[in-house]
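The structure under discussion appears below in the form of structure tokens.
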Amino acid sequence: MSGDLPERNRDGPRGRRIRRWIGLFRVAIYRLVSRLRQVPKQTVVTVALIAVTIALLVIVTGIAAGIAADSADESEADVRIVPVGGGTLSSVIDVENARLGNVHETSATLDEREDVASATPVFVEALRIQVDGSDETETVLAMGVVPPAEPITIEGLSTAPLEPGDPHFANGTYDGTRTGEVVLTDEAAAAINASEGDSLEIGRSTTAATLRQENSGGSLEYTTTAIEDTETNSVSGELPLVMLHLSELQSISGADDDDLADQVLVKTDPDPSTAAVESAAADTYPNATVQTGDDGQVELIRSNDFALATSLVAMIVAVVICSLFIATSAALTVDKDRQTIAVFAAIGFSARSRLAIVAVTTLSLTLAGALVGIVLGTIGTAVTNYVATATVAPEPIATLRPTFGLYAIAVALVAGVLALPYPLYLVARTNVVTELG
Amino acid sequence: MARNSSPTENERSRVRPISGGADRTMEPSSVAVGCERVTHEYGTGSTVSRTVTALRDVSFEVATGEVVGLVGPSGSGKSTALHIIGGLLEPNNGTVDVLGTDLTALSGAKRTRLRRDHIGFVFQQFHLLPALSARDNVALPLIERGVSRRERQRRAAELLEQVGLDDRMDHLPSELSGGEQQRVAIARALVADPEVVLADEPTGELDTGTGARVLELLVDVADERTVLIATHDERAMAVTDRVLRLLDGEMRQAGQFSDEQ
């Protein structure tokens, strides 16, 4: 007896294999529909549990992104250049973030591009400030910028009241004219009882006395150029925010040696496409991170430890819970479907085909749960924001991006794949003879 | 009713039942199925101390185109024999030859492939998929062979016409009678054009009259194919060319149905 029986269609053309897989996919979908008819409650419960888990993932990730956005509002720039490991305008004043150097020259280079409307470095430093002659000092977060000719808004503060350019920088000599201009938020103004036109004393020292001593030479004179009514700002957290020229802030804080800044904000013009500018920015700062409006949210989460931890925990919990739900449900279904699986074996479906059918069915169910979860998550995010703004928060605390949908689907599918071994194991050990009687 | 297209005298002499198998000679060109000293025991796993011998030293041959009945009471080993011939079970001992291929030398995957391409199964409980129409149930085996959907539908419709269900193609199994469901199962077993058809108690779920008609239909539609029918219904054996009797896992008696009358 020999084993050389011809196997019909075994190695047919590629089209035959494709037709086979399409056919198997159809069988898997049939199995899903059949399951919905046979055990509707179990199927609906499985989809619902996956959906709730994914919805929670979307909501928690949205809140994490919201927390991260509290540290930086990337919507004011089309492209942001941030140092590796930095990337936020952190209000944590006792931690030295990585910073960019030589920022005047590089931002000027970017500014000269036709497709760039403006490029300004942003340097943030905590300072003490008081109205000249007053004893009321306040720690504020000072934001140093190079105001472009066409005013822009950074963290809710318009650069319009500031003289365009950065005259004190003077090609890196830092001996140009000090404008002494400071824009206060209404919060900062209220804290030190300042009005427009008031003289201000600004310094790094922590007490009013030493501040006055520092400024006793009279060379550092600042004037309240404008007080801006900003509802909120995300950069300073609980500290009031003020804005002044970059080089003047660098001089105060000692960052003038290397012309440092926390990031460079670039607005593109007129084409909203950021690809070319992104490329130019990457060439300018090869060791920095270039973020665009598209990926900024993810980068923000990454750069914020708390947000990152929150979203990671949410993801791990979602994967684990989803995997358990899916594995349990799929195993129950396989157990109920043993006869069908045995029939597939008896009529010549290979082990791989049988496993593929169960895998596709399981992943389809997971996908259905994920899609419902995204819808629920979207609704949940809206409800969360509504409740938050109606009670404790001045603004929405959770954000929602289209990428969250893809993220949620990816997490659900990962959970589905992790859940597959158990039902597949049950399929593989199904005793065909026993099931067929 | 004896089958019209019974083997010729010459063929019959070659497919004689074999009691011991030691002096047996096979001619692969004419033998579709051959079992030689096949033994199979259940419960031989390490956790089970007691074993049941389903088949003991069973040998027989079936010629190409022959319709053979495998008769015996429940537990006699008929279904086990069919499952072994169909490659669903591996015997503990002996060799099984199907269409010139030694099944015992094949891996599980190769046995599945052989089943896909050359063997059709008909079960006692039909085992149709409940959410698929009759036509889709019949077309199911063609999926694994990569046949296009249109062709699957065409061939399924053709087979359903042959079994007299051309007006029931789009009905679900739950909308069909037992006899109709078994006809759908027969069509499914034949749709991939197998050389060997194995029917395990195909009349077990049917009343006598319906069962007889289904068997006639099976043999009729199977045409020149080799058919093995396992049954304990002696009357149904009228459609076969020859009967093999099993009792307690051993081959007891064999011969042409007409010889037994």
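Nothing in this text is a laboratory measurement; each read-out follows from the coordinates by a stated rule. Remember, it's a predicted structure, so these values are computed and weren't measured experimentally. Cβ coordinates were reconstructed from backbone atoms using ideal geometry, including for glycine residues, and neighbour counts include every protein chain displayed.
Some notes on this structure:
- Cα Rg over Rh - region B:84-217, Kirkwood: 1.00
- Taking the charge dipole of region B:15-256 about its Cα centre, with +1 at Lys and Arg Cβ atoms and -1 at Asp and Glu Cβ atoms, the residue from B:Ser30, B:Phe121, B:Ser177 reaching farthest to the positive side is B:Phe121.
- Taking amide H as placed 1.01 Å from N in the peptide plane, the amide H of A:Ala126 sits under 5 Å from that of A:Ala142, each at least 5 places away or on another chain.
- Value of Rg to Rh for region A:340-437, rounded to two decimals, is 1.27; Kirkwood radius and Rg both from alpha-carbon coordinates.
- Cα pair count fraction exceeding 20 Å, expressed as % - region A:273-422: 64 percent
- Förster-model FRET efficiency, 25 Å R0, A:Asp175 and A:Glu150, C-beta, rounded to 0.05: 0.35
- Under 5 Å, built H, 5+ apart or other chain: amide partners of B:Ala54: B:His40, B:Glu41, B:Tyr42
- Take the convex hull of the alpha carbons in region B:15-256; its mean projected area over all directions comes to 13.3 nm².
- FRET efficiency estimate (nearest 0.05) - Cβ-Cβ, A:Asn287 to A:Ser364, R0 30 angstrom: 0.10
- Modelled this way, with points 7 Å down the Cα-to-C-beta line, the labels at B:Asn92 and A:Tyr425 are 2.9 nm from one another.
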